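Enquirer: Have a look at this one before I ask anything.
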């Protein structure tokens, strides 16, 4: 990808899901600074589902902890429900619970990107670039539907690695 | 027999719509670009301070109510767990990493607990007081050696009393 390429955030719509108004405002301000104009907000899962069903949303940015609900429930609905508007919708999950078990749980639930809080603006920006400019293949398996969890495709010239 | 995994090619709609060579933010942002975004975050620092002070005030009220009344402690612990996680996540973003560290210690302490004894209640209260001090004195950045020692003391106390 060319070093001089740019992202026109005005062409993308976002949904921010968080119970904390300050966190929503901060994310909203960051996205506006980047040039985004269509930004929807939800403070709970039900409202987020409602917006997903009625608005054209390109990227979901959700907190993992949503009071008595969880961003994982929202992710599950997007990835596995028959009413999902787009099962391949990019979902960026933010959380202060950044312990490895939480990261693995989110990854295995089909999250597109995971951002540990507190985050730097650079780390958030790189995740946004990743979901927009470097979309990943999806895997549809018996117990998993989500982005391909293998991040790097390494060329291999030897015999079949999984030969029986 | 198990179903074979199906690989679905990436959706490139967003890329086609938004990636270009003329308009928008650079894919590889310059340090100046990043500073612009950081400035947006820092603009909200006063809001964070107000919100954190309010959360700590409510935690102190919860502590005062739950100290003599043990039946209130499970709900108080839930409140502590939720608010400490929120402060842990946001503190560092507004240049209060020490608040993040203290809130993490408090949040770790509450994980998996549904009740606490009197000594453990005191430990929760000490954490809340320490968060208040950091906020009231606007101790930004990592703090001094003294703050680092306070954090170490918390870890020791959690290990001993927890």
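Enquirer: Counting only residues that are out of contact with any helix residue (DSSP H, G or I) (no Cβ under 7 Å at 6 or more places or on another chain) and more than 9 Å from every other protein chain (Cβ to nearest Cβ), which one in region A:129-147 is farthest from residue B:4 (Cα to Cα)?
Expert: In this case the residue turns out to be A:130.
Enquirer: Of the numbered conditions (1) within 22 Å of residue B:92 (Cα to Cα); (2) more than 9 Å from chain B (Cβ to nearest Cβ); (3) at pLDDT below 95; (4) in contact with a helix residue (DSSP H, G or I) (Cβ under 9 Å, 6 or more places away or on another chain), residue A:93 satisfies every one except a single condition; which is it?
Expert: Answer for residue A:93: the failing condition is (3).
Enquirer: Going by what's in this entry, would residue A:48 be described as closer than 23 Å to residue B:86 by Cβ, modelled with pLDDT of 95 or more and in contact with a helix residue (DSSP H, G or I) (Cβ under 6 Å, 6 or more places away or on another chain)? Reasoning before the result, please.
Expert: Working: closer than 23 Å to residue B:86 by Cβ: yes; modelled with pLDDT of 95 or more: yes; in contact with a helix residue (DSSP H, G or I) (Cβ under 6 Å, 6 or more places away or on another chain): yes.
Taking the combined requirement at face value, the residue satisfies it.
Enquirer: For residue B:113, all conditions in the list (1) assigned to a helix (DSSP H, G or I); (2) without any contact (Cβ under 8 Å) to a residue 40 or more places away in the chain hold save one; what is the number of the exception?
Expert: Here residue B:113 clears every test but (1).
Enquirer: Let me ask something additional. Would you confirm whether or not region B:95-104 contains a residue that is in contact with a helix residue (DSSP H, G or I) (Cβ under 9 Å, 6 or more places away or on another chain), farther than 30 Å from residue A:123 by Cα and crowded, with 17+ Cβ neighbours inside 10 Å?
Expert: To start, the set of residues in region B:95-104 that are in contact with a helix residue (DSSP H, G or I) (Cβ under 9 Å, 6 or more places away or on another chain) comprises B:95-104.
Narrowing the set further to residues that are farther than 30 Å from residue A:123 by Cα leaves none.
Within region B:95-104, not a single residue is in contact with a helix residue (DSSP H, G or I) (Cβ under 9 Å, 6 or more places away or on another chain), farther than 30 Å from residue A:123 by Cα and crowded, with 17+ Cβ neighbours inside 10 Å.
Enquirer: Of all residues in region A:31-61, which are surrounded by fewer than 20 Cβ atoms within 10 Å (Cβ to Cβ) and either within 10 Å of another protein chain (Cβ to nearest Cβ) or part of a loop (DSSP other than H, G, I, E, B) (or both)?
Expert: Of everything in region A:31-61, those that are surrounded by fewer than 20 Cβ atoms within 10 Å (Cβ to Cβ) and either within 10 Å of another protein chain (Cβ to nearest Cβ) or part of a loop (DSSP other than H, G, I, E, B) (or both) turn out to be A:32, A:33, A:35, A:37, A:43, A:44, A:55, A:56.
Enquirer: So is residue B:105 assigned to a loop (DSSP other than H, G, I, E, B) and over 26 Å from residue A:134 (Cα atoms) or not? Steps first, please.
Expert: Values: assigned to a loop (DSSP other than H, G, I, E, B): no; over 26 Å from residue A:134 (Cα atoms): yes.
Criteria not met by residue B:105.
Enquirer: For region A:62-71, give me each residue that is in a loop (DSSP other than H, G, I, E, B) and either out of contact with any strand residue (DSSP E or B) (no Cβ under 7 Å at 6 or more places or on another chain) or farther than 22 Å from residue A:105 by Cα (or both).
Expert: So the first thing to find is which residues in region A:62-71 are in a loop (DSSP other than H, G, I, E, B), and the list is A:64, A:67-68.
Residues satisfying the conditions are A:67, A:68.
Enquirer: Now, a different point. Are any of the residues in region A:137-146 in a helix (DSSP H, G or I), at pLDDT 95 or above and in contact with a strand residue (DSSP E or B) (Cβ under 6 Å, 6 or more places away or on another chain)?
Expert: Initially, region A:137-146 is screened for residues in a helix (DSSP H, G or I), giving none.
Within region A:137-146 (the criterion being in a helix (DSSP H, G or I), at pLDDT 95 or above and in contact with a strand residue (DSSP E or B) (Cβ under 6 Å, 6 or more places away or on another chain)), the answer is no, since none of the residues qualifies.
Enquirer: Mind checking whether some residue in region A:67-86 is in contact with a helix residue (DSSP H, G or I) (Cβ under 7 Å, 6 or more places away or on another chain) and facing another protein chain (nearest Cβ under 9 Å)?
Expert: There is no residue in region A:67-86 that is in contact with a helix residue (DSSP H, G or I) (Cβ under 7 Å, 6 or more places away or on another chain) and facing another protein chain (nearest Cβ under 9 Å).
Enquirer: Could you list all residues from region B:122-146 that are surrounded by fewer than 18 Cβ atoms within 10 Å (Cβ to Cβ), more than 19 Å from residue B:53 (Cβ to Cβ) and in contact with a helix residue (DSSP H, G or I) (Cβ under 9 Å, 6 or more places away or on another chain)?
Expert: Residues satisfying the conditions are B:122, B:141, B:142.
Enquirer: Now a separate question. Restricting attention to region A:106-124, report how many residues are over 18 Å from residue B:85 (Cα atoms) and in contact (Cβ under 8 Å) with a residue 12 or more places away in the chain. Steps first, please.
Expert: Going residue by residue through region A:106-124, those that are over 18 Å from residue B:85 (Cα atoms) are A:107-113, A:121-124.
From the residues that got through so far, the ones that are in contact (Cβ under 8 Å) with a residue 12 or more places away in the chain too are A:107-113, A:121, A:124.
Qualifying residue count, region A:106-124: 9.
Enquirer: Testing residue A:82 on (1) under 21 Å from residue A:132 (Cα atoms); (2) in a loop (DSSP other than H, G, I, E, B); (3) without any contact (Cβ under 8 Å) to a residue 12 or more places away in the chain, one condition comes back false. Which one is that?
Expert: Every condition holds for residue A:82 apart from (1).
Enquirer: Before we move on, is residue A:98 over 13 Å from the mean Cα position of the chain (by Cα), free of Cβ contacts under 8 Å to residues at least 40 places away in the same chain, more than 12 Å from chain B (Cβ to nearest Cβ) and not in a strand (DSSP E or B)? Lay out the reasoning, then the answer.
Expert: Working: over 13 Å from the mean Cα position of the chain (by Cα): yes; free of Cβ contacts under 8 Å to residues at least 40 places away in the same chain: yes; more than 12 Å from chain B (Cβ to nearest Cβ): no; not in a strand (DSSP E or B): yes.
No, not satisfied.
Enquirer: Let me ask another. Looking only at region A:101-120, count how many residues are assigned to a loop (DSSP other than H, G, I, E, B) and in contact with a strand residue (DSSP E or B) (Cβ under 8 Å, 6 or more places away or on another chain). Lay out the reasoning, then the answer.
Expert: From region A:101-120, those assigned to a loop (DSSP other than H, G, I, E, B) are A:109-112, A:117-120; that's our starting set.
Those left that are additionally in contact with a strand residue (DSSP E or B) (Cβ under 8 Å, 6 or more places away or on another chain): A:109-112, A:117, A:119.
Looking only at that region, the number is 6.
The values are calculated or read from the model by the stated rules, or taken from the named source; none is laboratory data. Everything quoted here is computed from the prediction, not taken from an experiment. Note that we place each Cβ from the backbone using ideal geometry, even for glycine, and neighbour counts take in every protein chain shown.
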